[in-house]
Each structure stands twice: as structure tokens, then as C-alpha cells.
Amino acid sequence: MTTPTAVLREMRWWDIDPVLALESELFPDDAWSAGMFWSELAHSRGAGATRRYVVAEDPADGRIVGYAGLAAAGDLADVQTIGVTRDHWGGGLGAALLTDLLKHATAFECAEVLLEVRVDNTRAQKLYERFGFEPIGFRRGYYQPGNIDALVMRLRVQEHVQEHGQETETD
């Protein structure tokens with residue numbers, strides 16, 4: 001299926017319900033709750049913002065077809081979540097969302113970006129590896145209730161910028 005170009009924009013409170021529906025579809029066993037998204041969005045605006053949450057809208061119908069979030073603390077950022085509708089897999093939307101998060105990790109002046117990914121999610125692992133993330137460990141039983149291990153991956157931001165230049169500019 002040909003993927004239409006999606007428009008990325010900052011996630012707002014009115015996006016929580018459609019994002020929750022997508023979250024439940026993509027991650028039925030360990031989906032985030034509305035409260036988790038509300039809490040994250042509470043830290044995403046203003047001078048002291050430490051979060052970046054973005055949604056991808058299909059311009060044809062306004063449907064949310066992807067979302068992603070990043071948390072920053074000091075010089076460390078953590079990719080909190082990335083989700084893309086199945087009908088948009090393989091079209092570059094996950095890469096666009098990750099690029100947006102990495103651009104904001106740079107803006108937050110983070111030296112490293114960490115993430116956890118299910119050990120059985122090889123599609124996501126390949127995306128992260130393309131961006132220069134390297135495996136650094138495991139978190140046993142991280143994803144509950146399925147007791148699935150997480151692969152922990154790290155990207156050194158300066159190395160990424162040196163290798164990819166301004167590739168992280170998407171706005």
C-alpha cells in the first residue's frame with residue numbers, strides 16, 4: 001500500500017483519545033493509560049518542558065496514524081514511545097517520528113538517548129540500528145503482563161549529528 005505523506009505536529013490533549021485507540025491496537029498487552037499520556041503532556045510545554053510528544057496526521061482524512069514521545073532529564077533523553085498504524089508500516093513514518101524526537105533531544109542538550117524495545121520487535125530494532133542506536137543491555141521481564149524482555153539501546157547524540165549532519169531537521 002502506498003503511504004500518504006503524514007504531517008507531524010505537537011501532540012495536544014485532544015489527541016489522547018485517538019492515540020489511546022492506536023496504542024491499544026498496537027500494544028494490546030501493555031498499552032499506556034490515558035493518565036500516563038496526560039502526565040507526559042503536562043511536562044511538554046512551557047519554559048521548563050522536559051518532554052516532546054508528536055503525532056502524525058494523514059492529510060487526506062486527519063486521522064492520527066502515528067505518535068512518539070521523548071523525555072529529557074539533564075543530558076540524558078529516553079524515547080518513551082513510538083507507534084505507527086500498520087497500514088503505514090514501511091513508509092518511513094517511524095523514521096520521521098524518530099528524527100523529530102532526536103532533533104528535540106539535541107534541543108534539550110542531551111548527550112545520549114536511551115530506549116527500550118521488546119526483544120521480539122525486530123522491525124523497531126532495525127529502525128533504531130539505522131539511526132545508530134547500539135544495544136547496551138537487557139531488562140528482564142520489562143514488558144508486563146507478558147513478561148517480555150526489553151533490549152536497551154543507546155545513541156550518542158554527538159556521534160549521530162556528526163554522521164548524519166542536519167538530517168534531523170524535519171520541520
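The values are calculated or read from the model by the stated rules, or taken from the named source; none is laboratory data. A quick note: this is a predicted structure, and the numbers were derived from the prediction, not measured. Reconstructed Cβ throughout: ideal geometry from the backbone, glycine too, with neighbour counts over all protein chains shown. Accessible surface areas use protein heavy atoms only, side chains included; no ligands, DNA or RNA. Shrake-Rupley method; radii C 1.70, N 1.55, O 1.52, S 1.80 Å.
Would you please name the residue that is least open to solvent (accessible area, probe 1.4 Å), looking only at residues in region 25-49 that are of a type in the set (Asp, Glu) and assigned to a helix (DSSP H, G or I)?
Pass one, region 25-49, residues of a type in the set (Asp, Glu): 25, 29-30, 40.
Keeping just the survivors that are assigned to a helix (DSSP H, G or I) gives 25, 40.
On the way: Glu25: 96, Glu40: 22 Å².
That would be Glu40.
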*Can you tell me which of Thr99, Thr122, Thr85, Thr81 is β-branched (Val, Ile, Thr) and open to solvent by 50 Å² or more (accessible area, probe 1.4 Å)?*
Thr122
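How about region 82-104: which of its residues are outside any helix (DSSP H, G or I) and out of contact with any helix residue (DSSP H, G or I) (no Cβ under 8 Å at 6 or more places or on another chain)? Working first, answer last.
First pass over region 82-104, keeping only residues outside any helix (DSSP H, G or I): 82-85, 89-92.
Within region 82-104, Gly90, Gly91, Gly92 meet the criteria.
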*Give region 113-129 a look and list any residue that's outside any helix (DSSP H, G or I) and over 15 Å from the mean Cα position of the chain (by Cα), or say none.*
Val119, Asp120
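Table: residues versus (1) under 27 Å from Thr106 (Cβ atoms); (2) touching a helix residue (DSSP H, G or I) at 6+ places or on another chain (Cβ under 9 Å); (3) surrounded by 19 or more Cβ atoms within 10 Å (Cβ to Cβ); (4) not aliphatic (A, V, I, L, M).
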residue: Val7; (1), (2), (3), (4): yes, no, no, no
residue: Glu23; (1), (2), (3), (4): yes, yes, yes, yes
residue: Arg51; (1), (2), (3), (4): yes, yes, yes, yes
residue: Asp58; (1), (2), (3), (4): no, yes, yes, yes
residue: Ala68; (1), (2), (3), (4): yes, yes, yes, no
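Just checking, does region 86-108 include any residue being over 30 Å from Pro59 (Cβ atoms), in contact with a strand residue (DSSP E or B) (Cβ under 7 Å, 6 or more places away or on another chain) and not polar (S, T, N, Q)?
Start the filter on region 86-108 by keeping residues that are over 30 Å from Pro59 (Cβ atoms), which leaves none.
Within region 86-108 (the criterion being over 30 Å from Pro59 (Cβ atoms), in contact with a strand residue (DSSP E or B) (Cβ under 7 Å, 6 or more places away or on another chain) and not polar (S, T, N, Q)), the answer is no, since none of the residues qualifies.
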